[in-house]
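The values are calculated or read from the model by the stated rules, or taken from the named source; none is laboratory data. These numbers come from a predicted model, not from an experiment. FYI the Cβ positions are ideal-geometry reconstructions off the backbone, even for glycines, and counts take in every protein chain you see.
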Amino acid sequence: MTRRKEKVDLYRYEKELWNNGIELVAGVDEVGRGPLIGPVVTACVILPKDFVLEGLTDSKQLSEKKRDCYYKYIQEHALAIGIGMKDEKVIDEINIYEATKQAMYEAIAKCPIKPEHVLIDAMKLEELTIPSTSIIKGDAKSISIAAASVIAKVTRDAMMYELDKKYPMYGFGKHKGYPTKMHIEAIQKYGILKEHRKTFGPVKNYLENKK
C-alpha cells in the first residue's frame with residue numbers, strides 16, 4: 001500500500017462526516033489497559049480539515065522519538081484536545097473495561113470544543129449523548145483516533161517516567177508498567193507500590209502469596 005493510499009484511508013471516516021455537514025469530528029482512544037500500575041489514560045482530539053501529518057498511525061507502531069514529535073505537532077495544530085484518566089483505585093473498584101469507558105467520557109467532557117460526532121477506537125460508549133462510531137483497530141484507520149492515541153500514549157508515558165524517578169529499581173522508564181519479566185521480578189524483589197493495580201494477575205498473586 002502506498003503512502004498516498006494510506007493517507008486517503010485514514011481520512012475516510014472523517015471525510016464521510018464532513019461531507020454530511022458534520023464539522024467537528026473527534027477521535028477518542030485509550031492507552032494503559034494492560035499495565036500493572038498507574039492509570040488508564042484517554043484522549044479526545046478534534047482535528048481541522050486541513051490537518052496533514054505523514055506517517056501518523058497507531059501510537060504503539062511509532063518510535064518514541066517520532067511519537068514525541070507527533071505529539072507536539074498535534075498539540076499545536078488540533079482544534080481541541082481533552083484528556084481523561086482513571087487511577088488504579090478506580091480500576092480495582094470497577095474493572096479496567098469500565099474504568100476505560102469512564103476515562104473516555106471524561107476526555108470528551110473535558111474537550112474545550114464539544115464534538116458533533118465521536119469516532120472511538122473499538123469501544124462503545126452507550127451513555128454518550130453525542131453521535132458516535134466505534135471502529136475496530138480505529139487507531140490505524142482514522143486520523144483523529146490515531147492522533148488521540150499519540151496524545152494518550154505520550155501523556156501516560158510521561159507519568160511512568162515520573163514514577164521511574166521515584167522508584168528506579170522497578171524500571172518503569174523501560175516497560176511503562178506492562179507485565180514484563182523485569183517488572184514482575186521487581187515486584188517479587190521489592191514488593192508492590194500503592195500505584196499498583198491490586199486486581200491484576202501478577203500483583204494479585206503477589207498479595208495472595210504474602211498472606
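Give me a count of the residues in segment 148-193 that are in contact with a Pro (Cβ under 7 Å, 6 or more places away or on another chain), surrounded by fewer than 19 Cβ atoms within 10 Å (Cβ to Cβ) and over 26 Å from Met104 (Cβ atoms).
Result for segment 148-193: 1.
Filter segment 80-110 down to the residues that are over 19 Å from Asp139 (Cα atoms), touching a residue at least 60 places away in the same chain (Cβ under 8 Å) and not acidic (Asp, Glu) and list them by number.
Residues satisfying the conditions are Ile91, Asn95, Ile96, Lys110.
Go through segment 194-211 and report how many residues are in contact (Cβ under 8 Å) with a residue 40 or more places away in the chain, in contact with a helix residue (DSSP H, G or I) (Cβ under 6 Å, 6 or more places away or on another chain) and in a helix (DSSP H, G or I).
The total comes to 1.
Would you call Leu125 among the hydrophobic types (A, V, I, L, M, F, W, C) and in a loop (DSSP other than H, G, I, E, B)?
Answer is yes for this residue.
Looking at (1) touching a residue at least 60 places away in the same chain (Cβ under 8 Å); (2) surrounded by fewer than 24 Cβ atoms within 10 Å (Cβ to Cβ); (3) under 21 Å from Trp18 (Cβ atoms), find the lone condition where Asp121 falls short.
Evaluating Asp121 over (1) touching a residue at least 60 places away in the same chain (Cβ under 8 Å); (2) surrounded by fewer than 24 Cβ atoms within 10 Å (Cβ to Cβ); (3) under 21 Å from Trp18 (Cβ atoms) leaves (2) as the failure.
For Asp9, state whether it is out of contact with any His (no Cβ under 8 Å at 6 or more places or on another chain) and touching a residue at least 12 places away in the same chain (Cβ under 8 Å).
Numbers: out of contact with any His (no Cβ under 8 Å at 6 or more places or on another chain): yes; touching a residue at least 12 places away in the same chain (Cβ under 8 Å): yes.
Answer is yes for this residue.
Of everything in segment 161-193 that's assigned to a loop (DSSP other than H, G, I, E, B) and free of Cβ contacts under 8 Å to residues at least 60 places away in the same chain, which residue is farthest from Asp68 (Cα to Cα)? Lay out the reasoning, then the answer.
From segment 161-193, those assigned to a loop (DSSP other than H, G, I, E, B) are 167, 171, 176-180, 191-193; that's our starting set.
When the remaining residues are screened for being free of Cβ contacts under 8 Å to residues at least 60 places away in the same chain, the result is 167, 171, 180, 191-192.
On the way: Tyr167: 23, Gly171: 20, Thr180: 23, Gly191: 32, Ile192: 30 Å.
This residue is Gly191.
Report whether or not Glu14 is acidic (Asp, Glu) and within 30 Å of Leu193 (Cβ to Cβ).
Working: acidic (Asp, Glu): yes; within 30 Å of Leu193 (Cβ to Cβ): no.
For Glu14, the condition - acidic (Asp, Glu) and within 30 Å of Leu193 (Cβ to Cβ) - is not met.
Kindly indicate the residue of segment 54-111 that is in a helix (DSSP H, G or I) and among the basic types (Lys, Arg) and also nearest to the chain's Cα centre (by Cα) among those meeting that condition. I'd like the intermediate steps shown before the answer.
We begin by selecting, within segment 54-111, every residue in a helix (DSSP H, G or I); these are 59-61, 64-77, 88-94, 96-110.
Next cut, among the basic types (Lys, Arg) only: 60, 65-67, 72, 89, 101, 110.
On the way: Lys60: 10, Lys65: 17, Lys66: 16, Arg67: 13, Lys72: 16, Lys89: 18, Lys101: 11, Lys110: 15 Å.
That would be Lys60.
Give the residue, chosen from Lys176, Lys101, Lys137, Lys153, that is on the phi > 0 side of the Ramachandran plot and modelled with pLDDT of 95 or more.
Numbers: Lys101 fails: on the phi > 0 side of the Ramachandran plot; Lys137 fails: modelled with pLDDT of 95 or more; Lys153 fails: on the phi > 0 side of the Ramachandran plot.
Result of the check over Lys176, Lys101, Lys137, Lys153: Lys176.
Hey, could you check segment 94-115 for residues that are touching a helix residue (DSSP H, G or I) at 6+ places or on another chain (Cβ under 8 Å) and surrounded by fewer than 24 Cβ atoms within 10 Å (Cβ to Cβ) and say which is nearest to Val41 (Cα to Cα)?
For segment 94-115, the residue satisfying everything is Gln102.
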